[in-house]
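Right, one structure below, let's go through it.
Only the coordinates and a few stated rules stand behind these numbers; no lab work does. None of the values given here were measured: they were computed from a predicted structure. Positions of Cβ are backbone-derived with ideal geometry, glycine not excepted, and every protein chain shown enters the neighbour counts.
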Amino acid sequence: MSGVGPPVSALPPVPYAISRRPDGLLIEWDAAGHEWLYPARALRLACRCAICTEEMTGRPLLDPATVPDDVSPVSVALVGAYGLRVVWSDGHDTGIYSFAALHAGCGCERCRRSGAE
Ligand SMILES: [Zn+2]
Ligand SMILES: [Zn+2]
């Protein structure tokens, strides 16, 4: 694989490390302990692919009732320097999560604090 461009300074954010776990994705944003566990089902429901979300309107097409409570990430692959493609245990594999969106959704204390200001 090629096409991964040079790292862009500060923006967009790029994870330092990504760990796939049965209960979600643990993303470390830096080596200094800035990390957040993105719960699997919430991440699955937040999928923005054309199957889950109407492209023109952003209207959700995904019925949460069709997503198992114990859905888990089966595999995670980098999409360039842009984001992650996640294959889910319910068979869904077209979702791409941009690092920018993931970073914006970081629920750690530090991000919650800075977001509240
Ligand atoms: Zn989707
Ligand atoms: Zn954070």
Expected 222 nm ellipticity per residue - DSSP helices of 4 or more, -39500 (n - 2.57), all of the chain, to 500: -4000 deg cm²/dmol
Cα→Cβ-extended label distance, 7 Å offset, between ILE96 and ASP70, nm: 3.2
DSSP loop chymotrypsin sites (Phe, Trp or Tyr not before Pro) with at most 16 other Cβ within 10 Å: longest gap in the chain: 17-81
Student exercise, the chain dipole from Lys, Arg, Asp, Glu Cβ charges, in Debye to nearest 20: 160
Total formal charge among the other residues, if their Cβ is under 13 angstrom from that of CYS108, Lys/Arg +1 and Asp/Glu -1: -1
Within-15-Å neighbourhood charge of ASP93 [Cβ basis; K, R +1; D, E -1]: +3
Top of LEU61, LEU78, LEU26 by mean-square fluctuation, Gaussian network on the chain, Cα under 10 Å: LEU61
Convex hull per residue volume in Å³, alpha carbons only, for the chain: 138
Solitary cysteines of the chain, where the nearest other Cys Cβ is not under 4.7 Å: CYS49, CYS108
Charge sum, other residues only, whose C-beta stays under 10 Å from LEU26's C-beta, Lys/Arg counted +1 and Asp/Glu -1: -1
